[in-house]
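Report on one structure; see the data block that follows.
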Amino acid sequence: MKMKGSSIFTYDVYAPTTVTTMLRPRRQEGQAIIQEGFTIEPPVPFSEYIDIYGNLCQRAVLPVGHVTISTEVQAQVNPLKPIPDPKPAYMLVGDLPEDVMHFILPSRYCQSDLHEINMLALEIAGNLTPGYDQVEAIRTWIHQNVRYQYGFTDASTTAFDTARSRVGVCRDFTHLAIALCRNLCIPTRMTVGYLDKLKEMDLHAWFEVFIGGDWYTFDAVQEKTEGYRIEIAHGRDAADVAMVTQYGNAALQSLHVAVDLLEN
């Protein structure tokens with residue numbers, strides 16, 4: 001399926017401000033990039049680098065005034081990877097690949113080592129077969145028990161906060177899922193990008209788990225995980241996959257996101 005995603009960030013910049021962005025799509029199995037664009041208006045030079053997770057990053061200094069950062073991508077994307085039968089099983093920590101190990105550790109927003117997270121993980125999935133069944137139970141529990149609501153959480157909200165308040169947006173749903181899965185020693189990462197099935201269009205966050213020797217996609221915001229996706233970045237949590245990080249005096253005024261499925 002061909003899929004198109006675009007985003008426009010509009011800023012008022014009050015002093016020259018360095019920004020790093022993570023807005024260009026990943027080159028990886030499952031999505032072939034047909035064309036893409038990345039522009040800053042007014043034009044300024046920018047450099048690019050690849051972070052430790054393989055994400056494409058951009059760095060620039062925004063000038064004082066009204067600044068717009070626009071990005072667009074068109075890609076050929078595959079449907080979600082089907083769940084095999086038998087379902088993917090839990091892998092012992094000693095058998096995990098080395099590049100997966102850091103996805104079972106606690107991170108800034110996903111405090112998987114806390115007692116309250118452990119108790120909740122055991123309550124939800126402690127009696128289930130380790131692996132896929134546990135992850136799907138966690139995903140379903142979050143969807144059914146955490147209320148989706150804008151304006152209640154912010155950039156400092158953690159998985160522990162959401163476990164208590166049970167209110168948040170996709171970022172918070174994903175952080176809680178990651179913390180619960182990691183507490184059960186299931187490697188889990190945060191993924192951000194475009195999804196075609198959203199009631200309120202925005203850049204979206206979901207989670208992926210490493211079970212049965214491969215990564216599988218789960219989305220706690222949805223009633224069931226579905227839809228076509230363009231992945232922009234993945235990492236341990238939101239600290240690793242922030243779309244725009246600024247080091248100076250600038251205020252985001254608006255963000256417009258559009259996603260379309262195109263004919264093959």
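See the values below:
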read-out: Cα-based equivalent ellipsoid of the stretch 1-135: semi-axis lengths in Å, sorted from largest, via gyration tensor; value: 38, 22, 14
read-out: Full-stretch length increase - Ile83, Glu29 - with 0.36 nm per residue and alpha-carbon distance subtracted; value: 17.7 nm
read-out: Antiparallel bridges, percent of DSSP beta bridges restricted to the chain (to nearest 5); value: 95
read-out: Angle in degrees between helix 132-145 and the longest Cα principal axis of the chain, rounded to the nearest 10; value: 60
read-out: Normalised per residue, the volume of the convex hull around the Cα set of the stretch 59-112 (Å³); value: 218
read-out: Label-point separation in nm, Ala15 to Leu198, each point 7 Å along Cα→Cβ; value: 3.2
read-out: Rounded tilt (10° steps) of 115-125 against the dominant C-alpha axis of the chain; value: 70
read-out: Dimensions in Å of the stretch 93-227 - Rg and Dmax from alpha carbons; value: 13.8, 42
read-out: GluC sites (Glu not before Pro) restricted to DSSP loop in the stretch 152-250 with at most 16 other C-beta within 10 Å; value: Glu200, Glu223, Glu226
read-out: GNM flexibility winner over the chain from Ile52, Ile232, Ile142 (Cα, springs under 10 Å); value: Ile52
read-out: Extended-chain gain in nm, criterion 0.36 nm per residue less alpha-carbon gap, Glu123 and His102; value: 5.1 nm
read-out: Amide H within-cut-off set for Ala233, under 5 Å, with H built and near neighbours excluded; value: Val192
read-out: Euclidean distance between Cα centres, the stretch 25-78 to the stretch 192-250, Å; value: 16
read-out: ³J(HN,Hα), Karplus 6.51/-1.76/1.60, whole Hz, each residue of the stretch 77-88, x for Gly, Pro; value: 10, 8, x, 4, 4, x, 7, x, 10, x, 5, x
read-out: Candidate values [x] 32, 21, 17; [y] 38, 18, 17; [z] 41, 21, 17, label of the one derived for semi-axes √(5λ) of the Cα gyration tensor in Å; value: [x]
read-out: Phi to ³J(HN,Hα) by Karplus 6.51 cos²θ - 1.76 cosθ + 1.60 over the stretch 246-252, Hz, x for Gly, Pro; value: 10, 10, x, 9, 9, 10, 6
read-out: Rounded to 10°, Cα long-axis angle of helix 170-183 versus longest principal axis of the chain; value: 40
read-out: Residue order, fewest to most beta carbons within 10 Å, for Met243, Met101; value: Met101, Met243
read-out: Residue among Glu123, Glu41, Glu29 with the largest mean-square fluctuation in a Gaussian network model of the chain, springs linking Cα atoms under 10 Å; value: Glu29
read-out: Residue order, fewest to most surrounding Cβ atoms within 10 angstrom, among Leu80, Leu105, Leu56, Leu120; value: Leu105, Leu80, Leu56, Leu120
read-out: Per-residue ³J(HN,Hα) for the stretch 42-52, Karplus 6.51 cos²θ - 1.76 cosθ + 1.60, θ = phi - 60°, Hz, x for Gly and Pro; value: x, x, 9, x, 9, 10, 10, 8, 10, 7, 5
read-out: Amide proton proximity set for Leu62, modelled H, under 5 Å, gap of 5+; value: Thr17, Thr18, Val19
read-out: Least to most buried among Arg189, Arg27 (fewest other Cβ within 10 Å first); value: Arg27, Arg189
read-out: Under 19 Å from the Cα of Lys4 - aspartates and glutamates, other chains or at least 8 residues apart; value: Glu29, Glu36, Glu72, Asp196, Glu200, Asp202, Glu226, Glu231, Asp260, Glu263
read-out: Neighbour-limited loop hits for chymotrypsin sites (Phe, Trp or Tyr not before Pro), the stretch 86-156 (at most 11 other Cβ within 10 Å; DSSP other than H, G, I, E, B); value: Tyr150
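All of the numbers you see were taken from the coordinates with simple rules; none came from a lab. Please read all numbers here as calculations on a predicted model, not as lab measurements. Counting neighbours? That spans all protein chains shown, and the Cβs are built from the backbone with ideal geometry, glycine included.
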